[in-house]
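S.K.: Next up is a structure, given as structure tokens.
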Amino acid sequence: MALTPVSVALRALLDSVPGSTSIETLPLAQCAWRVLGADIAALRTQPPFANSAMDGYAVRADDLAPGAELRVLGESAAGRSFAGSVSTGEAVRIFTGAPIPEGADTILIQENADGVGSAAITVREGAPKGRFIRKAGLDFSEGDRLLATGTRLDSAALGLAAAAGHPALPVRRKPLVAILATGDELVLPGEPVGPDQIVASNSFALAALVEQAGGSVLDLGIARDDHADLAARIGQAREAGVDVLVTLGGASVGAHDLVQEALKRAGMDLGFWKIAMRPGKPMMTGRLGAMVAIGLPGNPVSSIVCGHLFVVPVIEALLGIPSPERDRSEPGLLGRDMPANDEREDYLRSSLVLTEAGWEATPFERQDSSMLGLLAQAQALAIRPVFAPAARKGDPCRFIRLR
């Protein structure tokens, strides 16, 4: 079977996603890092009134000849506005955020006035009309579209929604991702480890990646190399109504690689299998009814790299985030010489350093896909395209930032 290019595989995988998850309305305090399911418009105008950007005096610009004396009528503070109006030769003590009194058209900052705090002030330096006045609606006006569907609600977006008067927001339901580790050789951390067993790590790494991308996780545990056990756990995923089933290991066709066959017996339509990438070649995808199935390799690094390249975009597609197929790489420079590449696109664990010439990605000497220690040290994945010629240190490259 021919190897599927990464870009082709990703496009085919995203085409298999049935659509965005449903919308639920949550209190604003529960919406951090959720994804908007509808456009959000302002319910109010901000600021609702013209106000001062500085501490000083609300005055008429025409009165601000140096040396002029102005009578202070009172004060305007945030939450306690001045009820009267300002006429020729008059001023109102004003504080940041306070409403501009009627008749005033500029702010004389207190540094430019003598006699601050007294019943009269003397102008030291004038100011043009409109200086230090924030107009009503400077930030936004009622009815303005502020946030678009598919926006991830970070701190700034949440603050904007709150300022616009929204106590709750429509957000996409978190995609439910079932993670199923497979293999007789696996035991959970903390359990006794037999002479021919290893500790399962992939499921914990993938769960963190899923949650970071905005999904929620259903841990299906470890399935043994047994068709009945695999079928039972696939059935659990279906009963739970998961959006994505991610299996770890067993996706090849060896005597003990039963996952692909088990998924086919459950009714999976196989999308593609075997990717032109390193690490991560033995990966497969398919559909089980409305559920997207992704079979990741068993090697820890392979599964995590494939998780970044394929699982995260699927979660984003389910959340309605625009352009989940976008190129996530950045331009940089190689930090060491590299040999010519073959028919598989390389994703090389690399250090990342900012130099005067730009970001420099230096692939580690060792790239074995079982070595999680190197992945934990890596800041980036340097990309070597298929059949790339030999490259020298300082040549252009592209990299995907990990942290």
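S.K.: How long are the semi-axes of the equivalent ellipsoid of region 59-103, taking √(5λ) for every eigenvalue λ of the Cα gyration tensor, in whole Å from largest down?
M.R.: Semi-axis lengths for region 59-103 are 19, 10, 9 Å.
S.K.: Okay, moving on. What would the Debye formula give as log10 I(q)/I(0) at q = 0.06, 0.07, 0.15 Å⁻¹ for the alpha-carbon point model of the chain, no solvent?
M.R.: These q points yield log10 I(q)/I(0) values of -0.42, -0.52, -1.26.
S.K.: So what is the relative contact order for region 164-284, in percent, with contacts set as C-alpha pairs under 8 Å and at least six apart?
M.R.: Reported as a whole number, the value is 28 percent.
S.K.: Further question on the same structure: Please give the per residue volume of the convex hull enclosing the alpha carbon atoms of region 80-147, rounded to a whole number of Å³. Don't skip to the end; give the middle numbers.
M.R.: Numbers: hull volume 8.6 nm³, N = 68.
Hull volume normalised by residue count: 127 Å³.
S.K.: For region 133-199, what is the Kirkwood hydrodynamic radius in Å, using each pair of distinct C-alpha atoms?
M.R.: Details: mean 1/r = 0.0584 Å⁻¹.
Answer for region 133-199: a Kirkwood hydrodynamic radius of 17.1 Å.
S.K.: Calculate, axis by axis, the spread of Cα positions in region 261-403 along the three principal axes, and write the results as whole Å, longest axis first.
M.R.: Projected onto the principal axes, the Cα atoms of region 261-403 cover 53, 30, 28 Å.
S.K.: Can you bin every Cα-Cα distance in region 181-319 into 10 Å intervals starting at zero and give me the percent of pairs per bin, rounded to whole numbers?
M.R.: 12, 46, 37, 5, 0
S.K.: Hey, another quick one. Roughly how many percent of the accessible protein surface of region 51-192 is carbon and sulfur, given a 1.4 Å probe and a whole-percent answer? Walk me through the numbers before you get to the answer.
M.R.: On the way: 3300 of 6690 Å².
C and S atoms contribute 49 percent here.
S.K.: In percent, what relative contact order does the chain have, based on Cα pairs under 8 Å that are 6 or more apart in sequence?
M.R.: Numbers: 950 pairs, mean separation 66.0, N = 403.
Normalised by residue count, the contact order of the chain is 16 percent.
S.K.: Principal axes first, then extents: for the Cα atoms of region 1-156, list largest minus smallest coordinate on each axis, whole Å, largest first.
M.R.: That gives 90, 32, 22 Å along the principal axes, largest extent first.
S.K.: Under a 1.4 Å probe, what is the accessible area of region 65-132 per residue, stated in Å²? Mind dumping the intermediate values first?
M.R.: Numbers: 3460 Å² over 68 residues.
On a per-residue basis, region 65-132 sits at 51 Å².
S.K.: So with the 1.4 Å probe, I'd like the accessible area per residue for region 203-338, rounded to whole Å². Don't skip to the end; give the middle numbers.
M.R.: Working: 4920 Å² over 136 residues.
Result: 36 Å² per residue.
S.K.: Sort all Cα-Cα distances of region 313-384 into consecutive 10 angstrom bins from zero, then give the percent of pairs in each bin up to the one containing the longest distance.
M.R.: 18, 38, 32, 11, 0
S.K.: For region 151-214 and region 106-123, compute the distance between their C-alpha centroids and round to whole Å.
M.R.: Comparing the Cα centres of region 151-214 and region 106-123, I get a distance of 58 Å.
The values are calculated or read from the model by the stated rules, or taken from the named source; none is laboratory data. Since we're looking at a predicted model, the values are computed, not measured. With ligands, DNA and RNA removed, areas are computed over all heavy atoms of the protein, side chains included. Shrake-Rupley method; radii C 1.70, N 1.55, O 1.52, S 1.80 Å.
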